[in-house]
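Below is one structure, written out as structure tokens; the observations come after it.
The values are calculated or read from the model by the stated rules, or taken from the named source; none is laboratory data. Everything numeric in this text was worked out from a predicted model, so none of it was measured. So basically every Cβ, Gly included, is an ideal-geometry build from the backbone, and we count neighbours across all protein chains shown.
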Amino acid sequence: MDGMDLTPALKRYFGFDAFRPLQEEIIRDSLAGRDVFALLPTGGGKSLCFQLPALLRDGLTVVVSPLIALMKDQVDALQAAGIAATYLNSSLEAGESRARLRGLHGGEFKLLYVAPERLLLSGFLEDLKRWGVSGFAIDEAHCISEWGHDFRPEYRQMATLREMFPEVPFMALTATATERVRDDILAQLHFHDPRVAVASFRRSNLTFRVNGKAGAYKQIRDFIKDRPKESGIVYCMARRTAESIAEKLAGDGIAARPYHAGLPSETRAANQEAFLRDETRVICATIAFGMGIDKSNVRFVIHHDLPKNIEGYYQEIGRAGRDGLPSECLMLFSAGDRVKYSQFIDELTDETERERAREHLERMVHYAEDSGCRHAALLRYFGEEVKEENCGACDNCLSPRERFDGTTSAKKFLSCVFRVRQKSGFSVGVGHVVEVLCGAETAKIKKWEHDTLSTYGIGNEHSRNEWAAIGRELVRLGLLRQDAERFNVVELTREGIEFLKSSESLELTRPMTAPATRDKHRSGEIECDEALFERLRGLRKQLADERGVPPYIVFSDVALRQMARHYPQNEADFGKINGVGEKKLAEFGETFMEAVAEHLESYPRHNFHG
Ligand code: ADP
Ligand code: ZN
């Protein structure tokens, strides 16, 4: 297989012209019989990495996946592309299971999806031996690690599987980015001299913004109203908020539904289904929503509240723009939220848990307030080296935040930190420093006699929230050190002491207030005949409903936009559309070309360049 051109198969089965980064390398290694550990970001195209080799080699490839809902989706999508795939899980009726098992005995399938529990059922491993398995893929491989966000003990079975099938190539895939989880996965799996393929976690098609939170509902509504056709998720911390926002949006004429663990399971399933099928445009959810959402045309993700930690945040925004088209992420941030969460955290009883939560929260706040590139900040968090340049896809790069001469403010803050320490012999957190600066009369200030400090009450030029933001910026600038292991107390660094003594000036960033605005230009967008796009979207919905599958399984938004740009009128042109393989050309080509022709009878053709 070495050197064989894989692109004809890519086009024939999946309708794509080119591989995404690392897909081809991963597929080649797997076909050569090597174990592969693939780390690709969400939307990086992991499924194809095991699906294409499965089609190109003899025998059956078994895919272990923890997400029952996703299994059906993936199998539907494969079948829509004319690929013999099936799944076995507890959702099937006995008769259906038996029929599928017969098919497997008869060698009818190329791909079998199973939940990890299935591997533990008696007789199943013997069945696998008989079916001539020629490849294993372990999806969501982070489930094997206790350090991951979704540990599944059944995944521990995977090491045994590796030993039972010594001659069969294995592949493990995940979008989990942290080093610790990666190392743990490799240690648990017992792979044979694996190829480790790590793609960049940069999501270039996503635009990140953080806005000051002020009248959150209105900010969210306006954002969504500005994008009248697009579908997205609003994440909220509390169930109550998720419900009330969904209700208000619906009242304002936007199809929205809530999703959280407190709803009856039928309602939850129905709301999720409506979202997948493009019947409701917006889902307002707690973090319970998202695992197992394969919908590729989620165009925006809004965070009504500050996420608990950066990993979770990255997972949640990862659900936007999996089809590679431009998509937007907006986070609303208020310093008040930070205070509220720290109070929750203070109530945690377990000390390590409390410390960890505090550290996560602090990092999240720094991310929100940072005036540097957001893409770069996220990548750095996940250990990727990045050159900071204007990304053109985050608020800070698109419209740099206003700066002001913060020399005096910074000096006041730093000397207050110094005076507290000098008087009391211990350090305090940013909050206490702010109270001293603002001349507050708290019990602690009285007890520690901090109202006698020369820096007491000298900070009238800023509000408390502004002072707190200044304090955190000084931490980011390295003038203060914040100790997450000791209640986030702050201390002067050597640089901080030098700055205090020097006559240098210092620029600080204005706290954010800017409202959510949409940029006129979004790079990567496929310009097309919007009226035709809408018509094709309607057709896609109808065909999907007839087949009982979500619309994106018929065609992606990318495919529809290309059709509405190139107006294909013959098979050769239609076959060039992204996502049109052999099977889809035969099944849908004529219908969509007819729709294009009909449209052209009543409307002029637009010309697009390039
Ligand atoms: P992941 O599991 O890594 O999040 P998926 O396997 O769901 O990603 O793929 C994300 C989307 O990208 C899917 O809609 C898929 O069809 C599409 N895709 C995958 N590979 C390619 C490719 N080489 N060219 C174009 N689209 C692709
Ligand atoms: Zn940027």
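General observations
Residues checked against (1) assigned to a loop (DSSP other than H, G, I, E, B); (2) at pLDDT 95 or above:
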{"position": "G496", "(1), (2)": "no, yes"}
{"position": "P511", "(1), (2)": "yes, no"}
{"position": "A516", "(1), (2)": "yes, no"}
{"position": "A531", "(1), (2)": "no, no"}
{"position": "D545", "(1), (2)": "no, no"}
{"position": "V549", "(1), (2)": "yes, no"}
{"position": "M563", "(1), (2)": "no, yes"}
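- Pair list, Cβ < 9 Å and 6+ apart or interchain, from the stretch 178-190 residues that are more than 22 Å from R380 (Cβ to Cβ) to residues that are basic (K, R): Q188/R156; L189/R162; H190/R162
- When L263, L332, L249 are screened for being within 20 Å of the chain's Cα centre (by Cα) and either at pLDDT 90 or above or more than 29 Å from Y367 (Cα to Cα) (or both), only L332 passes.
- The one condition from (1) assigned to a helix (DSSP H, G or I); (2) under 28 Å from R403 (Cβ atoms) that K444 does not meet is (2).
- Answer residue from the stretch 172-212, given it is more than 20 Å from C143 (Cα to Cα) and crowded, with 19+ Cβ neighbours inside 10 Å and is farthest from ligand 1 (Cβ to nearest atom) among those: N211
- Test result for T160, in contact (Cβ under 8 Å) with a residue 24 or more places away in the chain and either away from ligand 2 (no atom under 16 Å from the Cβ) or not in a loop (DSSP other than H, G, I, E, B) (or both): no
- When the stretch 239-258 is filtered for residues that are more than 20 Å from F223 (Cα to Cα) and touching a residue at least 24 places away in the same chain (Cβ under 8 Å), only R239 remains.
- Within the set R281, R319, R354, R358, the sole residue that is more than 16 Å from ligand 2 (Cβ to nearest atom), in contact with a strand residue (DSSP E or B) (Cβ under 6 Å, 6 or more places away or on another chain) and at pLDDT 85 or above turns out to be R319.
- Subset of the stretch 155-195 that is closer than 20 Å to G312 by Cβ and of a type in the set (S, T, N, Q) - its residue that is nearest to the chain's Cα centre (by Cα): T176
- When the stretch 1-56 is filtered for residues that are in contact with a strand residue (DSSP E or B) (Cβ under 8 Å, 6 or more places away or on another chain) and within 11 Å of ligand 1 (Cβ to nearest atom), the ones remaining, listed by number, are L22, A38, L39, L40, K46, C49, F50, Q51.
- Lone unmet requirement of (1) surrounded by fewer than 14 Cβ atoms within 10 Å (Cβ to Cβ); (2) more than 19 Å from the chain's Cα centre (by Cα) for G383: (2)
- Against the conditions (1) farther than 30 Å from E473 by Cβ; (2) touching a helix residue (DSSP H, G or I) at 6+ places or on another chain (Cβ under 7 Å); (3) modelled with pLDDT of 90 or more, D294 satisfies every one except (3).
- Qualifying residue in the stretch 143-165 (condition: surrounded by 18 or more Cβ atoms within 10 Å (Cβ to Cβ), within 24 Å of Q79 (Cβ to Cβ) and either touching a strand residue (DSSP E or B) at 6+ places or on another chain (Cβ under 8 Å) or not basic (K, R) (or both)): no
- Taken over the stretch 447-472, the residue count meeting the criterion of being part of a helix (DSSP H, G or I), acidic (D, E) and at pLDDT 90 or above is 1.
- Subset tally (residues that are surrounded by 18 or more Cβ atoms within 10 Å (Cβ to Cβ) and of a type in the set (D, E, K, R)) for the stretch 402-418: 1
- Among the residues of the stretch 361-380, those identified as within 14 Å of ligand 2 (Cβ to nearest atom), touching a helix residue (DSSP H, G or I) at 6+ places or on another chain (Cβ under 7 Å) and touching a residue at least 12 places away in the same chain (Cβ under 8 Å) are Y367, D370, S371, G372, C373, R374, L378.
Okay, residues lined up against (1) away from ligand 1 (no atom under 16 Å from the Cβ); (2) surrounded by fewer than 16 Cβ atoms within 10 Å (Cβ to Cβ):
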| residue | (1), (2) |
| --- | --- |
| C528 | yes, no |
| L536 | yes, no |
| Y552 | no, no |
| V558 | no, no |
| A564 | yes, no |
| E582 | no, yes |
| E598 | yes, yes |
| R605 | yes, yes |
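- Being within 16 Å of ligand 2 (Cβ to nearest atom), of a type in the set (A, V, I, L, M, F, W, C) and either touching a residue at least 24 places away in the same chain (Cβ under 8 Å) or farther than 30 Å from E385 by Cα (or both) holds for only one residue in F170, F208, F165, and it is F208.
- Top-ranked residue in the stretch 385-429 [being at pLDDT below 90 and in contact with a helix residue (DSSP H, G or I) (Cβ under 6 Å, 6 or more places away or on another chain); ranked as farthest from ligand 2 (Cβ to nearest atom)]: V386
- Unmet requirement for P228, which otherwise passes all of (1) at pLDDT 85 or above; (2) within 20 Å of V36 (Cβ to Cβ); (3) surrounded by fewer than 18 Cβ atoms within 10 Å (Cβ to Cβ): (2)
- Pair list, Cβ < 9 Å and 6+ apart or interchain, from the stretch 70-82 residues that are of a type in the set (K, R) to residues that are surrounded by fewer than 19 Cβ atoms within 10 Å (Cβ to Cβ): K72/N89; K72/S91
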